[in-house]
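Asks: One structure, as structure tokens, below. Some questions next.
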Amino acid sequence: MGPSSKARRGLPSRAEGDGLGIPHAIEKAGYGAVWRGEKSWNGVAILARGCEPIVTHTSLPGNPSDKQSRYIEAAVNGVLVGNLYAPNGNPQPGPKFKYKLAWLERLIEHAAELYALDAPVVLAGDYNFVPTDADIYPTKSYKDNALVQPQPRALFARLLDQGWIDAIRTLHPDAKMYTFWDYMRNRWQRDAGLRLDHLLLNGIAANRLVKSGVDRDVRITLRHGSRCAVNRAGRANRLEEYRKPHCPQRRPNGDHY
């Protein structure tokens, strides 16, 4: 399971409306797609090669009044995939950071139900926080940023305590691996990045894990003029090579600070 760079560029994370019709380019490339977007900033999607995702949720349960397009969930050839785009939370402290923490609490509650399912489950996407100091380049410039605060880190630890496996750190416990590089101050060239995107697997999915990594080459091929394009290209977690045949999930995700 992993991202297709062409598919990710073909379906912007800020697409308006819900994925009731598949854009011709995606369909022609052999993908089924579902997504939820909004006119302003946010959007999430699941692309499946050679089959149609079966939607189970188009929003994160727990707050019916929350209309932001930050979560979609679908079954893809026997694998349940939750694709998420967590709130950024800046500036902090403040209402945006409070919303971020409340959203992550809802994610933890829903994740507990997903983990208990008798099926492989993947929670993939832009979690919008750095789990540990090992997941960010040496810097003090982010010390007040919502991405590195102890509260979301503690919530991530609670998520892992449910039994979820971090696909990157399971196979690369000590490697310097990032999924986001700001386009300013030569951070890409200096490999001054952050690991904000994560693939979490329940026990059944973890038993199939063979390989994980970050598709850095996708970031190289795109122009740097757009902050959105950099972020979509710069965040490319890859989970691949299940031991059983599968229909892979593809994730387009961008970020907006």
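Asks: In this model, which of Lys100/Lys211; Lys96/Lys211; Lys39/Lys100 are farther than 28 Å apart at the alpha-carbon?
Replies: Numbers: Lys100/Lys211 31 Å; Lys96/Lys211 35 Å; Lys39/Lys100 20 Å.
Listed pairs above 28 Å: Lys100/Lys211; Lys96/Lys211.
Asks: What shape does segment 26-116 take by its C-alpha gyration tensor, where a ≥ b ≥ c are the square roots of the eigenvalues and a/c under 1.5 counts as rounded, a/b above b/c as prolate, and the rest as oblate?
Replies: Numbers: a/c = 2.81, a/b = 1.63, b/c = 1.73.
Since a/c reaches 1.5 but b/c is at least a/b, the shape of segment 26-116 is classed as oblate.
Asks: I'd like to know which of Ala112, Tyr142, Tyr127 lies farthest towards the positive end of the charge dipole of segment 52-143, counting +1 on Cβ of Lys and Arg and -1 on Cβ of Asp and Glu.
Replies: Tyr142
Asks: Each residue of segment 28-33 in turn: what ³J(HN,Hα) in whole Hz from Karplus with 6.51, -1.76, 1.60 and θ = phi - 60°, glycine and Pro shown as x?
Replies: 5, 6, x, 10, x, 8
Every read-out reported here was derived from the displayed coordinates using simple, explicitly stated rules and does not represent laboratory data. Keep in mind the model is a prediction, meaning the values are calculated, not measured. With ideal geometry, Cβ positions are generated from the backbone for all residues, glycine too; neighbour counts draw on all protein chains shown.
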